[in-house]
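Accompanying notes for the structure given below.
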Amino acid sequence: MHLKGCAHRGIGANVMSNVANRFCSLTLASMSTHAALTHLLSSNTQWAEKFESANPGFSFQKSASELQRPPVLWIGCSDSRVPESVITNAKPGDIFVHRNIANQVHLDDDSALSALAFAVNSLGVEHVVVVGHSECAGAKACLDAAQNPSVNEDGSITTIPSLPRDAPLNRWLAPLTGFVASLQLSGKPTNEALLVVVEGNIKMQVENLCKTQTMSNAWASKKKVWVHGWLYDLATGRLKDLEVSRGPAS
Ligand code: ZN
């Protein structure tokens, strides 16, 4: 099978072309056997056909020919139940997005820091919003680890003991687990404790954002950009402003 739109077509070397075509064919063949993926592709086609007529002010052609100018950078959790554009009824071009497990802003995470720098310096977003959510599995894992700790020789806690201590997920959640352990939540019912963790995590990530070079530089130059913390409730579908916003000195 040859793929008409394959990016590798037109490569002069026969060997490269054969390898490329074989790669594309294999990729296509495997996708066509997965109902979840074919459903996504057909849904996308229907969505694209209907979107412009349902949104008279929007044009894919115009959107593609202009630079994006989203007013908001959304830093959220990867959880499939918190799709930022769906829950805010946003259109393409409205929200620049960075999502990861438990909506973290690690100060040594090149991915998050790059997204932040590009959004603030190049796109000119006016708002950076950290969005956590109820029932966050990442936050729950950290709470479980803090309440029933698997302590290492150096005093650190392995968040998920069934994984190697240096597994990516354990490395990723270690700062949040350390933060949760400092909260002393052992007397609280799990549901209450988890909400404290989720809200505390959002506030901590807002603080982390404020420590970044990007935000420091932006505020030093009086750039009008604000940082906010929001909580999404899975059970109601509603967002709540935690009122921890930070902005340029007035
Ligand atoms: Zn989550």
Exclusive hit being closer than 30 Å to P70 by Cα, within 16 Å of the ligand (Cβ to nearest atom) and at pLDDT 95 or above, set V120, V180, V131: V131
Residues in the range 134-154: is at least one at pLDDT 95 or above, among the acidic types (D, E), more than 16 Å from the ligand (Cβ to nearest atom) and within 17 Å of the chain's Cα centre (by Cα)? no
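Confirm whether A235 is more than 20 Å from A117 (Cβ to Cβ), surrounded by 16 or more Cβ atoms within 10 Å (Cβ to Cβ) and of a type outside the set (D, E, K, R).
no
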Subset of the range 93-104 (residues that are within 10 Å of the ligand (Cβ to nearest atom) and not in a loop (DSSP other than H, G, I, E, B)): R99, N100
If only one of A117, A102, A145, A139 is closer than 30 Å to A220 by Cα and crowded, with 22+ Cβ neighbours inside 10 Å, which one is it? A102
Can you confirm whether R69 is surrounded by fewer than 16 Cβ atoms within 10 Å (Cβ to Cβ), within 16 Å of the ligand (Cβ to nearest atom) and in contact (Cβ under 8 Å) with a residue 24 or more places away in the chain? no
Matching residues, the range 126-136, being of a type outside the set (S, T, N, Q), crowded, with 18+ Cβ neighbours inside 10 Å and under 22 Å from N191 (Cα atoms): V130, V131, G132, H133, C136
So in the range 153-175, with the set limited to residues that are buried (at least 16 other Cβ atoms within 10 Å of the Cβ) and either without any contact (Cβ under 8 Å) to a residue 60 or more places away in the chain or among the charged types (D, E, K, R) (or both), which one is farthest from C142 (Cα to Cα)? S156
Subset of the range 96-110, residues in contact with a Ser or Thr (Cβ under 8 Å, 6 or more places away or on another chain) and farther than 21 Å from S134 by Cβ, comes to L107
Residue, nearest to the ligand (Cβ to nearest atom), within the range 105-114, restricted to residues that are surrounded by fewer than 22 Cβ atoms within 10 Å (Cβ to Cβ), outside any helix (DSSP H, G or I) and in contact (Cβ under 8 Å) with a residue 40 or more places away in the chain: H106
Pull up the range 73-92, narrow it to residues that are near the ligand (Cβ under 9 Å from one of its atoms), in a loop (DSSP other than H, G, I, E, B) and not charged (D, E, K, R), then point me to the one that is farthest from W47 (Cα to Cα). S78
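The values are calculated or read from the model by the stated rules, or taken from the named source; none is laboratory data. Because the structure is predicted, anything quoted here is derived from the model rather than measured. Reconstructed Cβ throughout: ideal geometry from the backbone, glycine too, with neighbour counts over all protein chains shown.
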